[in-house]
1. Suppose a student asked you for the relative contact order of the stretch 196-318, using Cα pairs under 8 Å spaced at least 6 residues apart; what percent would you report?
2. How high is the relative contact order of the chain, in percent, with contacts defined as C-alpha pairs under 8 Å that are six or more residues apart?
3. 5 Å is the cut-off here: which amide hydrogens, built 1.01 Å from N in the peptide plane, fall below it relative to G309, excluding neighbours closer than 5 in sequence?
4. Given K33/K89; K52/K180; K42/K114; K33/K141; K198/K303, which pairs have Cα atoms separated by over 23 Å?
5. Under the rule of at least 5 residues apart or a separate chain, name every residue whose amide H is placed under 5 Å from the amide H of V140.
6. How big is the stretch 196-318 in terms of Cα radius of gyration and Dmax, in angstroms?
7. Return the long-range amide H neighbours of Q213 (sequence gap of 5 or more, or a different chain), with a cut-off of under 5 Å between placed amide H atoms.
8. Could you work out the helix-only [θ] at 222 nm for the chain, with each DSSP H run of four or more residues adding -39,500 (n - 2.57) and the total divided by the number of residues, to the nearest 500 deg cm²/dmol?
Amino acid sequence: MSKDYLKIARDVLDIEAQAILNLKDTIDQNFAKTIDLIHKSKGRVVVTGIGKSGIIGQKFAASLASTGTPSLWVHSTEALHGDLGKIVKNDIVIPISYSGESEEVNKLLPIARKIGSKIISITGNATSHLASLSDIVLLVKVDKEACPMNLAPTASITAILALCDAIVVALIHLRGFNKKDFALYHPSGRLGKRLLLKTSDIMRKGKKSAIVQEQELLKDVLVQITEAKSGAAVVVDEKGILKGIFTDGDLRRHLERGANILKTRIGALMTSPCISIEDNASAYDAYFLLKDNKIDEVPVVNKQGKVLGVVDIQDLIDVGL
C-alpha cells in the first residue's frame, strides 16, 4: 500500500512540475509589460483575491514588499465592505483568479479603475470577465489539476505561485536590489543581523569590559576581570592602544611561578600581539574570527588601534548569529 502512496506523490509532483514548465512556453510580452508598469509606477501594488488564490496573493504581496516593491494585500470580499479605501490613485491592482469569474474579485475592479488604478490580472481564462476588465492579462493555463477529480486547485495554484515569484525576481534584478537592501527590510532575520550588526553594536564596554594598562598588577587585574564578569582582560598602553590580552589560559600557564605572580605586571604575563577586530566590522565576521581561532573574546579597536570594547562569543550567540 505504501508504494501506492509514493506513486500518488510522484504523480502529483510530475503534474505540478509540468504545469510550471509549461509557463515557459506561454509567457509572453504581457509579462515584460507588467514588470515595466510596476517598475515605473508611482503607486503601490495591491494584490487581491479570495480562496486559494487569495492565499497565494498574500504571499505574493509579502514577497514584493520584502524585496523593495511597495505592496499590500486586500481581501476581495473585505474590499467591497470598506477596504477599497486602501486603494489610491496610481496603485496597480493585481487580482488573482484562475477561473476569472470570481464575483467578489470582479466587482471591485471597476471601482479601482475609477479611483485611478491600473489592473493586471492573473488568470487561467483569457476570455473571462476578469480578463476583459484588465489592462494586462497574465495567463496561467494548466492542462489538468493534480486532484483526481480535476477540481481542487493544485497544479494551477502552483503555477500561479511560480509566476508571482518570477515577477518578484524580475523586479529584484531591475531594481538592483542587493543583500544589504534585503537586510534593511529584514532587520530581525538572520541575514539582516549578519549584514547590519556591527561589532560596535554588540561589544561590551565600560564596566562590562576589563581594559587595563600594562603596569597594573595581576592581583588588581583579576579583580577587574571578576567585576566585569569577563573571561579576559585587554591590555592597553597609556594612550589606550592595544598591546595584548590576558586570558584564563595565560593565568594557568603562569601559575607555576607561585604566589608571587599576583604582584607581577600584567604586561609581562599577557599574550602579545593578539587578535583584534575593528569596530565597523560586521558582527558576523567577529563570530567566525572567534570560532576559527577557538577563542571566546576579541578586543574591538578603531582604525588607530585604540581599544573601544570587547566582543564575547556568547553575545554573538545571544543575538542569533
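Quick note: the coordinates plus some simple rules give every number you see, no bench work behind them. What you see is a predicted model; the values in this text were computed from it and never measured. Counting neighbours? That spans all protein chains shown, and the Cβs are built from the backbone with ideal geometry, glycine included.
1. Relative contact order comes out at 31 percent.
2. The value is 14 percent.
3. So G309 has HN proximity to V300.
4. Among K33/K89; K52/K180; K42/K114; K33/K141; K198/K303, the Cα-Cα distance tops 23 Å for K52/K180.
5. Placed amide hydrogens put T123, G124, N125 under 5 Å from V140.
6. Considering the stretch 196-318 through its Cα atoms, Rg and Dmax are 13.9, 47 Å.
7. The answer is V236.
8. That calculation yields -13500 deg cm²/dmol at 222 nm.
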